[in-house]
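Trainee: Below: one structure in structure tokens.
The values are calculated or read from the model by the stated rules, or taken from the named source; none is laboratory data. For clarity, every value in this text was computed on a predicted model and none was experimentally measured. As a convention, Cβ positions derive from the backbone with ideal geometry for all residues, glycine included, and neighbour counts pool all protein chains shown. Note: areas computed on protein heavy atoms with side chains; ligands, DNA, RNA excluded. Shrake-Rupley method; radii C 1.70, N 1.55, O 1.52, S 1.80 Å.
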Amino acid sequence: KSFIGADAPPDSYSVAQTEWPDGSRSDMLYVSQIDTLPPILIECQYYVNQDFMLRLIQYASNVYRRYKMMPIVLAIVTKSFSKAKFQDEFTTSKDGFLLGADCKFWAKKCFLLTADAVSNHFQQETLNPMAALG
């Protein structure tokens, strides 16, 4: 619920085609048969830098062109940011383990999940499922 922002019935999302007309291919895309639920675009990335963010915007634009709805974007960062200063451009979510990116014109929401952002959540008795991905 917190990721999508609405209650999604079980099995409301399914895997969708990730190859785009321009020949590019994104990692994962989930779409819903329910018209009010946005597509979810998931990308895995070793380092986050400007080139990756521009590619993410391109993928989100492709999702919009195909489904006529801006996606929710999740980037799972397996290493870190290319520069520490680059990470300062992102905001920490209320729950503390997702970083948010300004995406007003290209995605409904954009989150980055990093190992650094979730590391302090591993001490909790009940682990949030999103933190477990990090």
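Trainee: Once the cut-off is 16 Å, how many percent of the Cα-Cα pairs in the stretch 6-90 end up in the long-distance tail?
Mentor: 55 percent
Trainee: Among 12-24, 73-85, what's the highest-first ranking by average C-beta atoms within 10 angstrom per residue?
Mentor: Answer by packing, highest mean first, reads 73-85, 12-24.
Trainee: Right, another one. Taking all protein chains in place and a 1.4 Å probe, what share, in percent, of the accessible surface of the stretch 39-88 do carbon and sulfur account for?
Mentor: Percent of accessible area from carbon and sulfur atoms in the stretch 39-88: 54.
Trainee: Keeping all protein chains in place, calculate the accessible area per residue for the stretch 1-54 (probe 1.4 angstrom), answer in Å².
Mentor: 61 Å²
Trainee: Per residue and in Å³, how big is the convex hull formed by the alpha-carbon atoms of the stretch 52-108?
Mentor: Dividing the Cα hull volume of the stretch 52-108 by its residues yields 96 Å³.
Trainee: Of the peptides 25-36, 59-70, how do they stack up when ordered by the mean number of other Cβ atoms within 10 Å, highest first?
Mentor: Per-residue Cβ counts within 10 Å, averaged per peptide and sorted highest first, yield 59-70, 25-36.
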